[in-house]
Amino acid sequence: MDIFDSSYYKVQKTLLTLCGAWPYRVNNCKSFFLRGILLNEIFFFFFLPQLINIQKNVNSFDEFMECLPLFSGSIICFCKGCSLYFNDIKILLEGLKEDWEYCEHSEAELAIIKEYAEISKLITVILASEFVFQHPKFEVVHKSSSIMFAGSMQLLVASYAISSCMSPVLDLVLPLNESRPRTAILPGDLYIHTEDHFFLVLSIEWYGLAAIGYYASTFDSLYITLMLHTCAMFDVLSKKLEVLKSSDFDNKKYKLIQGNAVLVSKDERIHLYLTECVKLHLRCIKYAECLNSKFSISFIPDLFLGVLVASASAYKFVTSINDFDQLLQHGIVYLTQTLRIFASGIMGQLLSDHSIYVNYAACNNQWYELPEKSKRLLLILMMRSFKPSQFVVAKMFKLNIDLFSKITRTCLSYCTVMLSIQNS
């Protein structure tokens, strides 16, 4: 059975197929049609109304800051959608399939790759279905943080979508002498009177918000799935190196991939085993570099415009302290963008940690007891694994927890500057 039809990647395949980005799709006409629908949804129902409103209120600092968070967010999601179409993700998916075939010969290695695939499947399902649940396997901080991110993202998006329904609901539950004012969820201009056609405007805005949420969740889930798979292969390599120093290597007399034969000479078995490890390490590094080259450009608007989204949202959150609806909406936008950058940093940190652990596993071996030619192979692996594989955006920013903390400090600094401009 094709690995993409299994339960691990079926949801991811469905998400990519529905937006026309699945590279194995035979009918290209349907793919182009689906791409056009979603991109037009974002442009006409989300991006264009806000652009018109910004143009009308360009001289008003407060109105400009009102539109800036979601306007920048729509640009980010539009870029993510385009990256799904213009990036050749088929190379990454083919590498994923080959890695599964490589691990089929060992139950221990297959169990590792299945564990990481299970994590990525749960994150994808949560991002796609808005359900939050816990799983007993996720006791590691990085993994549980990723699950919490996925659930929190959907809760925040759902809360933002229904925030404009608070006034009609309160009019029914706690009626006043007069109706509460109804506000749209987007600071855009659709040339429709909001009070007279409130639910029509709300439906259009929900439609655009759904398209943006779909692109963001599809891109993020694909990025997380491929990153976790890369971490899984580094973990497989680390476990192979750990086995070398244990008694299991002598007891089981591992069947090597070369001819799948058990060699009589222990020195020859160790040499061929380390040859496999060196080749697997090179394979993991190349896959990580390919993933970096395909996705790094997509994170450029996410980092630069994401700072504007978080800064402007924090500014409006502080200045709208007496308006509950505005407070809720801008607080949700700020938390959503912060969580997205945090999750991206977590994945980059995981990749760096797993790649550097290969060096620890290689150094912990009793290298001085190995045959001479095996020592050279292990030395090559130790020297190359000393430099961790990292996800670098625009060849400048290493995507990790440190970058997340710097971005958070920068956003709060910009927010402070905006508040000082308003008060001056």
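Overview of results
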read-out: Residue 82 vs. criteria out of contact with any Asp or Glu (no Cβ under 9 Å at 6 or more places or on another chain) and either farther than 23 Å from residue 288 by Cα or buried (at least 20 other Cβ atoms within 10 Å of the Cβ) (or both); value: no
read-out: The lone exception for residue 76 - which of (1) surrounded by 19 or more Cβ atoms within 10 Å (Cβ to Cβ); (2) modelled with pLDDT under 75; (3) not aromatic (Phe, Trp, Tyr) it fails; value: (2)
read-out: Only one of 242, 195 that is at pLDDT 80 or above and more than 17 Å from the chain's Cα centre (by Cα); value: 242
read-out: Residue that is touching a helix residue (DSSP H, G or I) at 6+ places or on another chain (Cβ under 9 Å) and within 22 Å of residue 339 (Cβ to Cβ), where the choices are 69, 49; value: 69
read-out: Neighbours by Cβ (under 6 Å, 6+ apart or cross-chain): first from the range 277-305, touching a residue at least 40 places away in the same chain (Cβ under 8 Å) and under 16 Å from residue 216 (Cβ atoms); second of a type in the set (S, T, N, Q) and in a helix (DSSP H, G or I); value: 298/83; 305/72
read-out: Qualifying residue in the range 97-120 (condition: surrounded by 21 or more Cβ atoms within 10 Å (Cβ to Cβ) and among the polar types (S, T, N, Q)); value: yes
read-out: Selection count where residues are surrounded by 14 or more Cβ atoms within 10 Å (Cβ to Cβ) and either assigned to a loop (DSSP other than H, G, I, E, B) or not charged (D, E, K, R) (or both), scope the range 4-13; value: 6
read-out: Residue pairs meeting the criteria (Cβ under 6 Å; at least 6 apart or on separate chains; first under 30 Å from residue 63 (Cα atoms), in the range 27-53; second modelled with pLDDT under 70 and not small (Gly, Ala, Ser)); value: 49/189; 49/190; 52/189; 53/187; 53/189
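Matching residues to (1) among the hydrophobic types (A, V, I, L, M, F, W, C); (2) part of a helix (DSSP H, G or I); (3) at pLDDT 90 or above:
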{"site": "368", "(1), (2), (3)": "no, yes, no"}
{"site": "375", "(1), (2), (3)": "no, yes, no"}
{"site": "378", "(1), (2), (3)": "yes, yes, no"}
{"site": "390", "(1), (2), (3)": "no, no, yes"}
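Matching residues to (1) out of contact with any helix residue (DSSP H, G or I) (no Cβ under 9 Å at 6 or more places or on another chain); (2) more than 23 Å from residue 395 (Cα to Cα):
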residue	(1), (2)
272	yes, yes
285	no, no
289	yes, no
301	no, no
311	no, yes
320	no, yes
323	yes, yes
326	no, yes
332	no, yes
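The values are calculated or read from the model by the stated rules, or taken from the named source; none is laboratory data. As the structure is a prediction and not an experimental result, all values here were calculated from the model. Virtual Cβ from ideal backbone geometry, glycine too; neighbours counted across all protein chains shown.
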